[in-house]
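Undergrad: The following block contains the structure, expressed as structure tokens.
Every number in this text was worked out from the coordinates using simple rules, so none of it is lab data. Since the structure is predicted, the reported quantities are computational estimates derived from the model, not experimental observations. Cβ sites come from the backbone with ideal geometry, for glycine too, and all protein chains shown count toward neighbours.
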Amino acid sequence: MLYVECFADEKLVHSLGVRRRHVRHAKCKGEVLNKLRQQPAGIGLVDQDPHAAQPSELNNYREIKRGGGLILLEHRDGSNRRVIILCPRLEEWLYQRAATRGINPQKYGLPGSAQELKKIPHYETKQQFPEFLQQLRQLDEEMALLEDWLREFTV
């Protein structure tokens, strides 16, 4: 099972081929980690949120891989529980990926900055947001890395 923090995360993982039946919305980083703690196996997708308080459960995980703005953690007990961290947050990560590939989010009806995007409630429902994600999926190596990590644990 894949646990995500928000609806935008859900839209992201669906755009990378993860089936709806494999995804559960957990509302916040702490809840993602709580859901994982209750399972023998699973994966969580969370924002790094570097300036926010971190759930203590995160201390039970260790870094095993890193790629650009992505960090993959595994549970220290050896169970098949993993956490993928988007650095620093989903919106910034998406806009950084777009900038490296010359993709203009405004072409897809999105605001000019990640900060402006974050202010829009349910921006993931915007009609062109899935097209933006698909363009990133086609062109960006970090999107491909995220897709690989997700596929590894959700197939």
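Undergrad: For G67, what charge total do you get from the other residues with a beta carbon under 11 Å from its beta carbon, if Lys and Arg give +1 and Asp and Glu give -1?
TA: Net local charge, G67 excluded: -1.
Undergrad: Among F7, F129, F153, which comes first, second and so on when ranked by fewest other beta-carbon atoms within 10 Å?
TA: Going from least to most buried by this count: F7, F153, F129.
Undergrad: Run through the DSSP bridge list for the chain and note the antiparallel percent, rounded to the nearest 5.
TA: If we restrict to bridges inside the chain, about 45 percent are antiparallel.
Undergrad: Taking 8 Å as the Cα distance limit and 6 or more residues as the minimum spacing, I'd like the relative contact order of the chain as a percentage.
TA: 23
Undergrad: Which angle from 0 to 90°, rounded to the nearest 10, does the C-alpha axis of helix 141-154 make with the longest principal axis of the chain?
TA: The answer is roughly 40 degrees.
Undergrad: Multiplying the sequence separation of D49 and R24 by 0.36 nm and subtracting their Cα-Cα distance, what value in nm do you get?
TA: 7.0 nm
Undergrad: I would also like to ask the following. Which distance in nm do the two modelled labels at Q39 and S113 give, with both placed 7 Å along the Cα-to-Cβ direction?
TA: 3.6
Undergrad: Just one of [x] 94; [y] 104; [z] 135 is volume of the Cα convex hull per residue in Å³ as worked out from the coordinates here. Which one is it?
TA: [y]
Undergrad: Continuing with this model, one more query. Please arrange R21, R151, R82 by counting, for each residue, the other beta carbons lying within 10 Å of its beta carbon, fewest first.
TA: R21, R151, R82
Undergrad: Next question. Using only Cα atoms and rounding to the nearest 10 degrees, what angle (0 to 90) does helix 90-100 make with the longest principal axis of the chain?
TA: 50
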